1. In segment 3-37, what residues are of a type outside the set (Ser, Thr, Tyr), out of contact with any Leu (no Cβ under 9 Å at 6 or more places or on another chain) and touching a residue at least 40 places away in the same chain (Cβ under 8 Å)?
2. Please go through segment 167-180 and give me each residue that is aliphatic (A, V, I, L, M) and surrounded by 13 or more Cβ atoms within 10 Å (Cβ to Cβ), ordered by number.
3. State yes or no: is residue 136 in the same structural domain as residue 93 (by TED's automatic domain parsing) and more than 13 Å from residue 89 (Cβ to Cβ)?
4. Restricting to segment 1-51, what's the tally of residues that are part of a helix (DSSP H, G or I) and farther than 18 Å from residue 65 by Cα?
5. Residue check: is residue 48 modelled with pLDDT of 85 or more, β-branched (Val, Ile, Thr) and either buried (at least 20 other Cβ atoms within 10 Å of the Cβ) or under 23 Å from residue 134 (Cα atoms) (or both)?
6. Only one of (1) closer than 22 Å to residue 144 by Cβ; (2) at pLDDT below 85 is not met by residue 4, so which one is it?
7. What residue, of 136, 157, is touching a Gly at 6+ places or on another chain (Cβ under 8 Å) and not in a loop (DSSP other than H, G, I, E, B)?
Amino acid sequence: MTTLPSSAAAQAYLKRLTALTESLPSSEQLDLLTGIEEHLRDAEQRGVIQAALDSLGPPEQIALEAGAETAGTPRWMRLLAVASAVATVGGFMALGALLCFTAYFDDDSEYALHPMLILLAFGAGSMTGVFSTVLSFLVRELTGQQRVLLTASWIASSLLAIVFGIAGGSVPVGVNLPLSALPLLMGAIGVVLVLRYTAPNPARKLVRS
């Protein structure tokens with residue numbers, strides 16, 4: 001193995017990762033630890049060791065993604081938490097776009113959304129969001145910031161859906177269509193951010209990046 005970084009934080013990180021990856025074949029464990037040691041040693045020389053540790057994520061996450069048997073919670077649980085948040089964000093922002101577009105129609109119009117359907121949509125979305133939040137606290141590999149992002153993303157999208165619905169009824173007819181494209185764009189950005197910062201990534205790619 002290569003020379004260990006001198007940073008106490010890096011050494012504690014590597015010690016924890018070594019213990020978590022004991023179930024891996026020795027050659028795979030050696031390759032993984034060597035790559036991360038080199039990554040951290042280079043970061044230490046550049047004075048960005050803490051940023052490097054943050055970018056790697058918790059050692060439990062890396063061990064789990066490397067295939068260690070006893071590293072932490074099942075990978076599917078984290079994927080389900082992220083997928084639930086993504087579905088909720090996308091669903092709420094799509095609902096916001098629909099509310100914005102149809103807000104100026106008369107109540108008797110065939111295009112108007114029934115209030116009960118709106119309530120059901122918000123109820124279903126909120127339940128999915130809460131499900132995502134609960135799962136995020138059961139997944140030990142997620143950091144506190146990632147849990148906050150998963151929770152805040154769906155709460156913010158639900159509030160924005162209401163805002164766009166109200167805004168759609170207060171703008172002149174004809175403005176609704178271009179305005180309703182905005183929540184769709186925001187929803188796409190939100191989904192990308194959630195996936196970028198909470199979805200699991202292969203540990204080797206993190207090291208090489």
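1. 16, 22, 35
2. Narrowing segment 167-180 to residues aliphatic (A, V, I, L, M): 167, 171, 173, 175, 177, 179.
Selection gives 167, 171, 175, 179.
3. On the way: in the same structural domain as residue 93 (by TED's automatic domain parsing): yes; more than 13 Å from residue 89 (Cβ to Cβ): yes.
Against the criterion (in the same structural domain as residue 93 (by TED's automatic domain parsing) and more than 13 Å from residue 89 (Cβ to Cβ)), residue 136 qualifies.
4. Keep residues of segment 1-51 that are part of a helix (DSSP H, G or I), which gives 8-20, 26-45, 49-51.
Adding the requirement that they be farther than 18 Å from residue 65 by Cα leaves 8-12, 38, 40-45, 49-51.
Total meeting the criteria: 15.
5. Details: modelled with pLDDT of 85 or more: yes; β-branched (Val, Ile, Thr): yes; either buried (at least 20 other Cβ atoms within 10 Å of the Cβ) or under 23 Å from residue 134 (Cα atoms) (or both): no.
No: the conditions fail for residue 48.
6. The failed condition is (1).
7. On the way: 136 fails: touching a Gly at 6+ places or on another chain (Cβ under 8 Å).
On inspection, the qualifying residue turns out to be 157.
The values are calculated or read from the model by the stated rules, or taken from the named source; none is laboratory data. Bear in mind the structure is a predicted one, so any value in this text is a computation, not a measurement. Please note: Cβ atoms are built from the backbone with ideal geometry, for glycine as well, and neighbour counts cover all protein chains shown.
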